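Encoded as structure tokens, the structure appears first; notes follow it.
Bear in mind that the values in this text are calculations on the coordinates, not laboratory data. The shown structure was predicted, so the numbers you read here are calculated from the model rather than taken from an experiment. Here the Cβ positions follow ideal geometry from the backbone for every residue, glycine too, while neighbour counts run over all protein chains shown.
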Amino acid sequence: MKQETINCVVMFADVAGSTAMYENMGDELARERLSKALNMLISITKRHGAKLVKTIGDEILVYFPDADKAILAARTIQETMEDDRSPETIGVSIRIGMQHGSAILENNDIFGDTVNVASRIVGMARARQILCTQELAFTITNPELSNKMRPYDRLRVKGRQEHLDVYLFAWEEESDITNMATASSFTNPARHHQAEKLTLTHGKEKISLPNTTTSYLIGRGQDCELVVTGNLISRYHSRIENRRGKFIITDQSTNGTFIQTQEGQEIFLRREELTLYGSGYISLGKKVDHSDVNLMHFLCE
């Protein structure tokens, strides 16, 4: 086949935590679940104009002629995977990495620096994240999409003198998230306090989060950093991150997250965020009950 150079967006979409799936489900069920997930990824990307290059184990490699459609496809993938009602998506999380540039098509395969960078980007991504380079982020023409691009990290690539700037596409509905730290109904002392670390205690488990934490997921999903099970707990119930020296907890669940501060004040979050300070308790899906085995204690220091 004749070699052809094209300008495109290269996407790797990878099933996060597939090794754990095999361990937890057994080979047959895990393979069936992964196969259905990959077929869903292929279907979604093709609907958005992608060409499938190949599947590689638990990931797919595709390319798009249009940057906006590539981002829309990535967003659709993540939104689809959030649907707990579908057996194809339960226990499956996707991470996506993309790059925009020239690539070589030959023998139904794709090669070049753009492909190599996209592969490095997906390796940086965590479950449920969509990452791309600044080159792609600045190519997006749809304001609704470009406004959801956030600087994320820098990547050193062999053979390049300068780092690559990596961006995160914030696909979740940020319009639903309100900063409770500035809400008029609640004066949060954390506005004036910076914490070096956050300690979470869940049962006999004690976790120390440094101030470099960018995303710590809590929920019943097996790929969460802290797995907490219960009928009222969502797969990815809450997320903790550190922004400018402050630890922020964001609810992204169906039933909400309940916080009790050291002063005894109770705060309910639903698709909202709160700056944590001092110490207190976190309860997923129901009010704080000190007899609940899933109740978490937090301490900011």
Taking loop as defined by DSSP and a crowding limit of 13 other beta carbons within 10 Å, which GluC sites (Glu not before Pro) in segment 206-294 fit? Glu263
Compare the Cα positions of Leu276, Asn7, Ala125 along the charge dipole of the chain (+1 at Cβ of Lys, Arg; -1 at Cβ of Asp, Glu; about the Cα centre) and return the one farthest towards the positive end. Asn7
Peptide ranges 65-76, 282-293 listed from the most packed, as the mean C-beta count within 10 angstrom indicates: 65-76, 282-293
Using alpha carbon centers only, segment 209-264 is separated from segment 96-127 by a whole-angstrom value of 32 Å
Using alpha-carbon coordinates, inclination of helix 67-81 to the longest axis of the chain, degrees: 50 degrees
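Which loop-located chymotrypsin sites (Phe, Trp or Tyr not before Pro) does segment 99-174 contain, where loop means any DSSP state but H, G, I, E or B and the Cβ has at most 14 other Cβ atoms within 10 Å?
Numbers: sites: Phe111, Phe138, Tyr152, Tyr167, Phe169, Trp171; in loops: Phe138, Trp171.
Loop-located and lightly packed - Phe138.
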Straight distance only, please: which aspartates and glutamates reach the Cα of Lys287 with their own Cα at less than 18 Å, same-chain residues fewer than 8 apart left out? Asp251, Glu263, Glu266, Glu272, Glu273
For the pair Lys197 and His297, the simple spin-label estimate (label points 7 Å beyond Cα toward Cβ) gives in nm 1.6 nm
Of Ile42, Thr55, Ala30, whose Cα points farthest to the positive end of the dipole of segment 23-66 (charges on the beta-carbon: +1 Lys, Arg; -1 Asp, Glu; origin at the Cα centre)? Ile42
Under the Karplus curve 6.51 cos²θ - 1.76 cosθ + 1.60, θ = phi - 60°, whole-Hz ³J(HN,Hα) for segment 93-104, x wherever Gly or Pro sits: 10, 10, 10, 10, x, 9, 9, 10, x, 8, 8, 9
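Normalised by the residues of the chain, what does the relative contact order come to in percent, with Cα pairs under 8 Å and at least six apart?
Details: 645 pairs, mean separation 39.2, N = 301.
Reported relative contact order: 13 percent.
Run through segment 112-156 and list the trypsin sites (Lys or Arg not before Pro) located in a DSSP loop whose Cβ has at most 13 other Cβ atoms within 10 Å.
The qualifying sites are Arg156.
Taking N as the number of residues in the chain, what is its Cα Rg relative to 2.2 N^0.38 Å?
On the way: Rg = 20.6 Å, N = 301, 2.2 N^0.38 = 19.2 Å.
Expressed relative to 2.2 N^0.38 Å, the Cα Rg reads 1.07.
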Rough spin-label spacing in nm, given labels placed 7 Å along Cα→Cβ, for Val288 and His163: 3.8 nm
Which one of Gly256, Gly97, Gly278 has the biggest mean-square fluctuation once the chain is modelled by GNM with Cα springs under 10 Å? Gly278
Checked segment 205-301 with the C-alpha gyration tensor, a ≥ b ≥ c its square-rooted eigenvalues, rounded below a/c of 1.5, otherwise prolate if a/b is larger than b/c and oblate if not; verdict rounded
